[in-house]
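The values are calculated or read from the model by the stated rules, or taken from the named source; none is laboratory data. Just so it is clear, the model here is predicted, and its values are computed rather than measured. We place every Cβ from the backbone using ideal geometry, glycine too, and count neighbours over all the protein chains shown. All accessible areas refer to the heavy atoms of the entire protein, side chains included, with ligands and DNA or RNA removed. Shrake-Rupley method; radii C 1.70, N 1.55, O 1.52, S 1.80 Å.
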Amino acid sequence: MDKGHALILDDEADIRELLSITLSRLGLQVHAAATLAEARQLAGARVYDLCFTDMRLPDGNGHEFIELMSRQYPETPVAMITAYGNAEAAVQALRAGAFDCVSKPVDLNVLRNLVKTALKLRAERAPGSAQPEPRLLGDSEAMQRVRATIVKLARSQAPVLISGESGVGKELAARSIHEQGPRASGPFVPVNCGAIPTELMESEFFGHKKGSFTGAHGDKDGLMQAAHGGTLFLDEIAELPPHMQVKLLRVIQEKTVRAIGGRAELPVDFRIVSATHKDLARLVETGAFRQDLFYRINVIELRMPPLRERRDDVLLLANRYLDRLAPEWSINRPKLGQDAIDALSRYDFPGNVRELENILERAVALSDGDVIRASDLHLTPRTGQQSAVPADPMLAGTMTSHLAASSGTPAVAPPSPHRDGLETYIDSLEREAITKALEECRYNKTAAAKKLGITFRALRYRLKKLGID
Ligand SMILES: Nc1ncnc2c1ncn2[C@@H]1O[C@H](COP(=O)(O)OP(=O)(O)OP(=O)(O)O)[C@@H](O)[C@H]1O
Ligand SMILES: [Mg+2]
């Protein structure tokens, strides 16, 4: 069974032998080198599907080998063998372009998973394997750079921290990294670290055994087990409470998890991609986030540029969104009037792409014609002056609560202590009025809309926003 060729570079004969035996058992043909010079020669002789290198070598070091390979044979994954507990070496190797790291003594399970993932890279490059259509749209230079970086990042197993403001596409970026990498056929498990109640977090992350606490009626797998073979996406990582930060660090180091009430440490194999809209480095300085965990999850940072730094993308994104919206709502494809185009290209989008989508959705819902005018967009003035009481309470509720609901932080309005109360209040008024009208019209939406003095589209939009069925 020829699964491919592997190259091992280590000056210790014992390690070479152990790796050779293990890799042969996995069906690989193994070539071994004791020095950088030998490895260089072997690398020139044929194509390898996977390489391993030690850190210290008699005539150089592993980094030189990684650099050589990524320069001359960028398709070949190179894994670094590091000393146990040497996080710094592992992080450095990954930053230099290593595919992954294994620590000595080599855990056979970890090694097997690594080989499995690495060999999938070859299958992926095989002719005929289609690349998924990019999720992140935009022709701006900044966006092209992001996409190119993602292609590179996707190949490695290095933990990535995606940073950027609210609504810039951090989750889309995480999904792209997963889909374009060797774990694409495995699960993508998104976890919103800010949304799980602290007391449930451990059980949600690690799972539990029957009877381990009141209410644990059966065995339950956690998110970490669910992500096995795939990618664990830790969204809003800054919200992870301190005790979970410690536990996550352990999982990263040991690559095993133990369910609550369970005895065994079970091996797990997933790639970690995290995201935050906060300045995590700053939280490390203030002590709110552990330095050691930050170091491990932030091996490579991917910064998603805000929309106002790539204005060229606004129109394209807007049009693609309208293309999508029209069939969904069974309406004619709305067009953007020139005045709307001008207004959009001047606007700053503090809530980024999500805000753009919300603005368009609202404009389509509230305008009657097929052309969206600047006045339909209801853009907040850039100066940030906001009238304390909105002129049209229904519209104001629509604007702010919808944005706040779809994102952790209000996208448009600066947070104010009274805002949430007002929003909830307006929402409840709206809900009451709509429910009443629907009841009076025997749930005929067209009639209810008429009664409320709004268009059918506007009613449908509000029903969706308020979650009324
Ligand atoms: N480049 C892009 N191309 C197409 N759609 C995009 C792009 N960027 C963002 N979007 C869309 O914008 C919305 C917000 O994206 P996403 O949820 O990935 O942002 P986020 O950075 O995770 O936001 P938050 O910080 O609020 O969680 C989604 O509907 C997404 O589809
Ligand atoms: Mg998000």
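Here is the link list: 170/445; 278/335; 152/247; 210/465; 3/255; 170/465. Which ones come out longer than 32 Å on Cα distance?
Details: 170/445 37 Å; 278/335 36 Å; 152/247 29 Å; 210/465 39 Å; 3/255 25 Å; 170/465 23 Å.
In this structure, 170/445; 278/335; 210/465 exceed 32 Å between Cα atoms.
In vacuo Debye scattering of the chain, one point per C-alpha: log10 I(q)/I(0) at q = 0.06 Å⁻¹?
Once normalised to I(0) and log-transformed, intensities are -0.36.
Which value, in Å², gives the accessible area per residue of the chain when a 1.4 Å probe is used on the protein heavy atoms?
Values: 22850 Å² over 469 residues.
Result: 49 Å² of accessible area for each residue.
Please give the solvent-accessible surface of residue 296 in Å², to the nearest 10, using a probe radius of 1.4 Å with every protein chain present.
50 Å²
Carbon and sulfur: what percent of the range 214-372's accessible surface (1.4 Å probe)? All intermediate terms of the calculation are to be shown ahead of the outcome.
Working: 3440 of 7110 Å².
In the range 214-372, the share of accessible area belonging to carbon and sulfur is 48 percent.
Not counting ligands, DNA or RNA, and with a 1.4 Å probe, what is residue 107's accessible surface area in Å² rounded to the nearest 10?
80 Å²
Under a 1.4 angstrom probe, counting protein chains only, how are 70, 176 ranked by accessible area, largest first? Don't skip to the answer; put the middle values down first.
Details: 70 55, 176 5 Å².
Reading off the accessible areas and sorting them downward yields 70, 176.
What order do 247, 465 take when sorted by accessible area (1.4 Å probe), most exposed first? Let's see the in-between values first.
Values: 247 75, 465 35 Å².
I get 247, 465, largest accessible area first.
Could you give the angle, 0 to 90 degrees to the nearest 10, between helix 62-72's Cα long axis and the longest principal axis of the Cα atoms of the chain?
70 degrees
Among the trypsin sites (Lys or Arg not before Pro) within the range 14-94, which fall in a DSSP loop and have no more than 16 other Cβ atoms within 10 Å of their own Cβ? Kindly include the intermediate steps, with their values, before the conclusion.
Working: sites: 16, 25, 40, 46, 56, 71; in loops: 46.
Passing both the DSSP loop test and the Cβ count: 46.
Largest first, what is the accessible-area ranking of 445, 436 with a 1.4 Å probe?
Working: 445 90, 436 120 Å².
So the residues, ranked largest to smallest area, are 436, 445.
To the nearest whole percent, what portion of all C-alpha pairs in the range 1-144 is separated by more than 24 angstrom? Don't skip to the answer; put the middle values down first.
Numbers: 3305 of 10296 pairs.
The proportion of pairs with Cα distances above 24 Å equals 32 percent.
Output the 0 to 90 degree angle, nearest 10, between the alpha-carbon long axis of helix 13-25 and the longest principal axis computed from the alpha carbons of the chain.
60 degrees
Tell me, what is the percent relative contact order of the chain, built from C-alpha pairs under 8 Å that lie six or more residues apart?
Working: 735 pairs, mean separation 51.0, N = 469.
Normalised by residue count, the contact order of the chain is 11 percent.
Helix 108-125: angle to the longest alpha-carbon principal axis of the chain, degrees 0 to 90, nearest 10?
Computed tilt is about 70 degrees.
Per the 1.4 Å probe, what fraction of the accessible area of the range 106-207, in percent, lies on carbon and sulfur atoms?
Details: 2390 of 4530 Å².
Result for the range 106-207: 53 percent of the exposed heavy-atom area is carbon or sulfur.
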